[in-house]
Amino acid sequence: MKYPMCIEWGDENTAYGIQIPDIPGAITAGDTFEEAHAAAVEIAHIMLQEIAEAGGAIPEPGNMAQHVKNPDFAGMGWGMLEIDITPYLGKTEKVNVTLPGFVIQQIDKHVEEHKLKSRSTFLAEAAWKALQLKGDAMSVRKISYLNALGERREVPTAAKAHRPENESALNFACRTICIIEGLPLKAGSDFPDILVSNGIKEVEVSFVAAAAI
């Protein structure tokens, strides 16, 4: 999970400070940015563990744009801090999950790019994040893919405007691409498999969480 972090830049005479606004008490410093960054990861885990042990809800990352507007952080730098929150979501249980090969490929790609521990870490964080949202709070922001000719294409904005509340972002993206590419669709179609069988790959979906109602 990526949390916005506020950075107070230091120099040879002043320490570097880092604060994670969405995690209460997560404030630290270091003689170098690298030391401050490492300390920020450590204090984040300490505070999350305290929250979990007290039976509290693990805080969700807030909107960086809103934090930047806070006068308390005027003149500060900003970045994102990757924190593995799965240890604080309760006792783990082993479950068997069946997923399409295409989906597993996308998960593995995401895990590698974001240096997550495993598929389980990704799935746990994704499920936790989805459960925090109410209604159709996941708005698709960008859909792109490689077509059969190896050309990178992006879905037009208009095609992303209406996603049914009960449809996952990935399924919606794949279905939309099928329509744009003119691929034949049938009732109960497995859209990711249709894309793969037609040489379409590397589907990338980014979405932003709208304010919960």
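Just so it is clear, none of the values below were taken in a lab; they were calculated from the coordinates. Keep in mind that what you see is a predicted model, and the values were worked out from it rather than measured. Because the Cβ atoms are built from the backbone with ideal geometry, glycine has one as well, and the counts that use them run over all protein chains shown.
At 0.36 nm per residue, and after removing the present C-alpha to C-alpha distance, how many nm does the segment from T32 to L149 gain when stretched out fully?
Working: separation 117, 0.36 × 117 = 42.12 nm, distance 4.74 nm.
Separation in residues times 0.36 nm, less the Cα-Cα distance, equals 37.4 nm.
How far is it, in nm, from the label point at D11 to the one at E50 when both lie 7 Å from their Cα along the line to the Cβ?
The two pseudo-label positions are separated by 3.3 nm.
Considering the zone a paramagnetic label at E202 would reach in this model (a point 7 Å from Cα along the Cα-to-Cβ line), which residues of the stretch 103-121 have amide N under 13 Å from it?
none
Under a 5 Å amide H to amide H cut-off, with H placed in plane at 1.01 Å, what residues pair with A29 once short-range neighbours are removed?
I18
With the cut-off at 1.5 for a/c, could you classify the stretch 2-88 from its C-alpha gyration tensor as rounded, prolate or oblate?
Details: a/c = 2.30, a/b = 1.42, b/c = 1.62.
Verdict is oblate for the stretch 2-88.
Going by how many other Cβ atoms sit within 10 Å of their own, how do I46, I27 line up, fewest first? Write out the running numbers ahead of the final one.
Numbers: I46 14, I27 17.
Ranked by crowding around the Cβ, least crowded first: I46, I27.
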